[in-house]
(Lines give C-alpha, C1' and ligand atoms only; values in the text may rest on other atoms or scores of the structure.)
Protein backbone atom coordinates (compact mmCIF):
# COMPACT_ATOMS: atom_id res chain seq x y z
CA UNK A 1 0.00 0.00 0.00
CA UNK A 2 1.07 3.52 -0.74
CA UNK A 3 0.87 5.89 2.17
CA UNK A 4 -0.76 9.27 1.91
CA UNK A 5 2.61 10.98 2.40
CA UNK A 6 4.17 8.99 -0.47
CA UNK A 7 1.22 9.81 -2.74
CA UNK A 8 1.49 13.53 -1.91
CA UNK A 9 5.23 13.45 -2.55
CA UNK A 10 4.66 11.80 -5.94
CA UNK A 11 2.06 14.44 -6.86
CA UNK A 12 4.47 17.17 -5.76
CA UNK A 13 7.21 15.76 -8.02
CA UNK A 14 4.83 15.57 -10.99
CA UNK A 15 3.68 19.14 -10.38
CA UNK A 16 7.29 20.39 -10.16
CA UNK A 17 8.14 18.58 -13.42
CA UNK A 18 5.13 20.17 -15.14
CA UNK A 19 6.20 23.62 -13.91
CA UNK A 20 9.73 23.04 -15.18
CA UNK A 21 8.33 21.76 -18.47
CA UNK A 22 6.12 24.85 -18.86
CA UNK A 23 9.09 27.11 -18.07
CA UNK A 24 11.21 25.30 -20.67
CA UNK A 25 8.43 25.60 -23.24
CA UNK A 26 8.56 29.38 -22.94
CA UNK A 27 12.06 29.57 -24.43
CA UNK A 28 11.66 26.71 -26.91
CA UNK A 29 10.51 27.20 -30.50
CA UNK A 30 7.79 24.51 -30.30
CA UNK A 31 5.66 22.93 -27.58
CA UNK A 32 7.94 20.30 -26.08
CA UNK A 33 5.14 17.77 -25.61
CA UNK A 34 4.41 17.77 -29.35
CA UNK A 35 8.08 17.24 -30.23
CA UNK A 36 8.28 14.34 -27.76
CA UNK A 37 5.13 12.78 -29.25
CA UNK A 38 6.66 12.95 -32.73
CA UNK A 39 9.90 11.37 -31.50
CA UNK A 40 8.13 8.57 -29.65
CA UNK A 41 5.68 7.91 -32.50
CA UNK A 42 8.66 7.00 -34.72
CA UNK A 43 10.12 4.48 -32.27
CA UNK A 44 9.54 0.81 -33.00
CA UNK A 45 10.74 -0.18 -29.51
CA UNK A 46 9.96 1.36 -26.15
CA UNK A 47 12.57 3.94 -25.13
CA UNK A 48 12.89 6.46 -22.37
CA UNK A 49 14.08 9.77 -23.76
CA UNK A 50 16.17 12.04 -21.55
CA UNK A 51 15.10 15.65 -21.20
CA UNK A 52 18.29 16.97 -22.83
CA UNK A 53 17.43 14.96 -25.97
CA UNK A 54 13.94 16.46 -26.04
CA UNK A 55 15.33 19.98 -25.65
CA UNK A 56 18.05 19.45 -28.27
CA UNK A 57 15.52 18.08 -30.77
CA UNK A 58 13.23 21.04 -30.18
CA UNK A 59 16.06 23.54 -30.62
CA UNK A 60 17.29 21.79 -33.78
CA UNK A 61 13.81 21.96 -35.30
CA UNK A 62 13.73 25.66 -34.49
CA UNK A 63 17.13 26.19 -36.15
CA UNK A 64 16.02 24.29 -39.26
CA UNK A 65 12.85 26.38 -39.52
CA UNK A 66 14.88 29.57 -39.01
CA UNK A 67 17.23 28.54 -41.85
CA UNK A 68 14.29 27.77 -44.14
CA UNK A 69 12.69 31.10 -43.24
CA UNK A 70 15.89 33.01 -44.02
CA UNK A 71 16.09 31.27 -47.40
CA UNK A 72 12.47 32.16 -48.14
CA UNK A 73 13.17 35.76 -47.13
CA UNK A 74 15.52 36.11 -50.09
CA UNK A 75 12.58 35.65 -52.49
CA UNK A 76 11.48 38.76 -54.38
CA UNK A 77 7.79 38.02 -53.96
CA UNK A 78 5.64 39.52 -51.23
CA UNK A 79 3.39 36.46 -50.98
CA UNK A 80 5.28 33.23 -50.43
CA UNK A 81 3.81 29.93 -51.59
CA UNK A 82 4.49 26.30 -50.86
CA UNK A 83 6.83 26.26 -53.87
CA UNK A 84 9.01 28.82 -52.11
CA UNK A 85 8.94 26.73 -48.94
CA UNK A 86 9.83 23.54 -50.85
CA UNK A 87 12.69 25.33 -52.59
CA UNK A 88 14.07 26.55 -49.24
CA UNK A 89 13.58 23.15 -47.57
CA UNK A 90 15.05 21.12 -50.45
CA UNK A 91 18.41 20.52 -48.77
CA UNK A 92 16.70 18.95 -45.76
CA UNK A 93 14.41 16.78 -47.87
CA UNK A 94 17.29 15.51 -50.02
CA UNK A 95 19.38 14.20 -47.12
CA UNK A 96 17.99 10.65 -47.43
CA UNK A 97 18.54 10.68 -51.20
CA UNK A 98 22.13 11.83 -50.70
CA UNK A 99 22.74 9.06 -48.16
CA UNK A 100 21.45 6.46 -50.66
CA UNK A 101 23.81 7.85 -53.32
CA UNK A 102 26.75 7.68 -50.92
CA UNK A 103 25.97 4.05 -50.02
CA UNK A 104 25.73 3.14 -53.71
CA UNK A 105 29.10 4.79 -54.43
CA UNK A 106 30.65 2.97 -51.45
CA UNK A 107 29.45 -0.38 -52.81
CA UNK A 108 30.89 0.38 -56.26
CA UNK A 109 34.23 1.35 -54.70
CA UNK A 110 34.29 -1.80 -52.55
CA UNK A 111 33.69 -3.89 -55.66
CA UNK A 112 36.48 -2.10 -57.53
CA UNK A 113 38.82 -2.57 -54.56
CA UNK A 114 38.10 -6.31 -54.55
CA UNK A 115 38.82 -6.47 -58.30
CA UNK A 116 42.08 -4.54 -57.81
CA UNK A 117 43.10 -6.89 -54.99
CA UNK A 118 42.53 -9.84 -57.34
CA UNK A 119 44.66 -8.21 -60.05
CA UNK A 120 47.46 -7.47 -57.58
CA UNK A 121 47.36 -11.07 -56.37
CA UNK A 122 47.59 -12.36 -59.96
CA UNK A 123 50.53 -10.05 -60.71
CA UNK A 124 52.32 -11.16 -57.55
CA UNK A 125 51.87 -14.80 -58.59
CA UNK A 126 53.32 -14.10 -62.04
CA UNK A 127 56.41 -12.32 -60.66
CA UNK A 128 59.46 -14.38 -59.74
CA UNK A 129 60.04 -14.71 -56.03
CA UNK A 130 63.74 -13.74 -56.14
CA UNK A 131 64.31 -10.32 -57.76
CA UNK A 132 68.08 -10.87 -58.11
CA UNK A 133 67.50 -13.73 -60.58
CA UNK A 134 65.60 -11.44 -62.98
CA UNK A 135 68.77 -9.69 -64.21
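Under the condition of being part of a helix (DSSP H, G or I) and either within 22 Å of the chain's Cα centre (by Cα) or at pLDDT below 90 (or both), the residues counted in region 86-120 number 20. Tell me, which residue of region 29-55 that is without any contact (Cβ under 8 Å) to a residue 12 or more places away in the chain and closer than 17 Å to residue 92 by Cβ is surrounded by the fewest Cβ atoms within 10 Å (Cβ to Cβ)? If we take residues in region 29-55 being without any contact (Cβ under 8 Å) to a residue 12 or more places away in the chain and closer than 17 Å to residue 92 by Cβ, then 42 is surrounded by the fewest Cβ atoms within 10 Å (Cβ to Cβ). Among the helices (runs of 4 or more DSSP H) confined to region 1-79, the ones with at least 2 residues that are at pLDDT 90 or above and out of contact with any helix residue (DSSP H, G or I) (no Cβ under 6 Å at 6 or more places or on another chain) are located at 32-41, 51-73.
The values are calculated or read from the model by the stated rules, or taken from the named source; none is laboratory data. On a predicted model such as this, the values are computed, not experimentally measured, just so you know. Positions of Cβ are backbone-derived with ideal geometry, glycine not excepted, and every protein chain shown enters the neighbour counts.
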